[in-house]
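The values are calculated or read from the model by the stated rules, or taken from the named source; none is laboratory data. Given the structure is predicted, the values throughout are model-derived calculations rather than measurements. Glycine gets a Cβ as well: all are built from the backbone with ideal geometry, and neighbour counts include every protein chain shown.
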Ligand code: 13P
Ligand code: SF4
């Protein structure tokens with residue numbers, strides 16, 4: 001990637017500060033390219049929480065959204081966890097409240113709750129187990145009984161329901177960025193590129209998922225594109241993933257069906273300048289009340305044990 005002088009200077013500053021502060025910089029695959037390129041690890045939600053749980057670095061700079069940094073703090077409470085842009089939330093996570101989950105649980109007493117990590121610590125604390133897009137099917141299969149409550153993503157829930165015999169009762173949340181991806185646009189690209197393989201994220205609508213050759217987490221898409229000999233891929237997720245896809249596969253083509261809409265504004269609100277400030281000041285820090293953390297950590301650790 002050809003960066004301008006200002007970006008190169010900021011990157012050099014970030015690399016120096018990382019060493020000085022003994023900080024681990026984690027970046028989600030939807031972050032800006034210039035941030036991904038200074039990170040120690042770029043990955044999906046599962047890979048990043050695994051890294052946060054096992055690191056020895058005393059400081060974690062989490063380039064992603066709030067729930068991701070919060071999960072890191074829940075798993076590593078003794079570490080300083082910094083989210084460079086304090087307002088970087090997740091619009092799906094905001095679609096459910098603790099009260100809403102409690103009402104759902106009251107309606108289905110005794111039914112276990114599987115909570116997508118795209119949720120607040122308070123929600124995780126009220127759930128039996130967490131999942132990410134990579135392990136959702138495995139997690140649902142792991143819980144006892146023939147029914148689960150699944151919060152907050154209705155699309156991931158609907159996808160999981162097609163892969164398990166269990167009944168999946170979903171909360172009606174969704175990711176606006178993934179719902180923006182239109183089946184009509186996917187079909188158009190498939191007509192124009194008949195040899196292309198279509199890989200989509202399970203946060204996409206069932207209509208889009210029905211058109212896909214494969215359904216993956218963001219890391220799953222990276223692995224698949226690298227290993228598969230196909231030369232053209234239609235990609236149903238946030239456009240930030242293109243940076244690693246192109247790095248890994250410079251000779252392959254990646255097409256985004258509703259490209260201008262496949263952007264998560266929250267993920268893009270973190271800038272390289274803010275990452276440098278975060279490294280300098282070790283602010284804004286993520287905190288989780290201990291009473292909530294102690295309950296939420298069970299749900300996350302149960303998920304990590306499944307892998
Ligand atoms: P992944 O866990 O697949 O990276 O997804 C995270 C996310 O927020 C998708 O919108
Ligand atoms: Fe949340 Fe969607 Fe952004 Fe992922 S892409 S962080 S689910 S709003």
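Here are a few things to note about the model shown:
- Selection of the range 160-181 for residues being within 14 Å of ligand 2 (Cβ to nearest atom), assigned to a helix (DSSP H, G or I) and in contact with a strand residue (DSSP E or B) (Cβ under 9 Å, 6 or more places away or on another chain) yields only 178.
- When the criteria are applied in full, residue 136 fails the requirement of being within 18 Å of residue 285 (Cβ to Cβ) and either under 20 Å from the mean Cα position of the chain (by Cα) or surrounded by 24 or more Cβ atoms within 10 Å (Cβ to Cβ) (or both).
- Residue selected from the range 157-170 under the condition crowded, with 19+ Cβ neighbours inside 10 Å and within 16 Å of ligand 1 (Cβ to nearest atom), by the criterion nearest to residue 202 (Cα to Cα): 159
- Answer residue from the range 14-36, given it is closer than 19 Å to residue 3 by Cβ and free of Cβ contacts under 8 Å to residues at least 40 places away in the same chain and is nearest to ligand 1 (Cβ to nearest atom) among those: 27
- Residue in the range 9-30 that is more than 16 Å from ligand 2 (Cβ to nearest atom), out of contact with any strand residue (DSSP E or B) (no Cβ under 8 Å at 6 or more places or on another chain) and outside any helix (DSSP H, G or I) present: no
- Residue within the range 120-133 that is free of Cβ contacts under 8 Å to residues at least 60 places away in the same chain and closer than 21 Å to residue 219 by Cα present: no
- Breaking point among (1) touching a helix residue (DSSP H, G or I) at 6+ places or on another chain (Cβ under 9 Å); (2) surrounded by 17 or more Cβ atoms within 10 Å (Cβ to Cβ); (3) under 23 Å from residue 201 (Cβ atoms), for residue 154: (1)
- For the range 196-307, the strands (runs of 3 or more DSSP E) that sit wholly inside it and include 1 or more residues that are crowded, with 21+ Cβ neighbours inside 10 Å, modelled with pLDDT of 95 or more and in contact with a helix residue (DSSP H, G or I) (Cβ under 6 Å, 6 or more places away or on another chain) are 197-200, 232-236.
- Residue match in the range 180-195 (condition: touching a residue at least 40 places away in the same chain (Cβ under 8 Å) and within 14 Å of ligand 1 (Cβ to nearest atom)): yes
- Across the range 1-37, the number of residues qualifying as over 19 Å from the mean Cα position of the chain (by Cα) and surrounded by 24 or more Cβ atoms within 10 Å (Cβ to Cβ) comes to 1.
- Residue list for the range 217-239, filter: in contact with a strand residue (DSSP E or B) (Cβ under 8 Å, 6 or more places away or on another chain) and closer than 13 Å to residue 197 by Cα: 221, 224, 225, 228, 230, 231, 232, 233, 234, 235, 236
- Flag not set for residue 111, criterion: buried (at least 22 other Cβ atoms within 10 Å of the Cβ), farther than 22 Å from residue 179 by Cβ and more than 16 Å from ligand 2 (Cβ to nearest atom).
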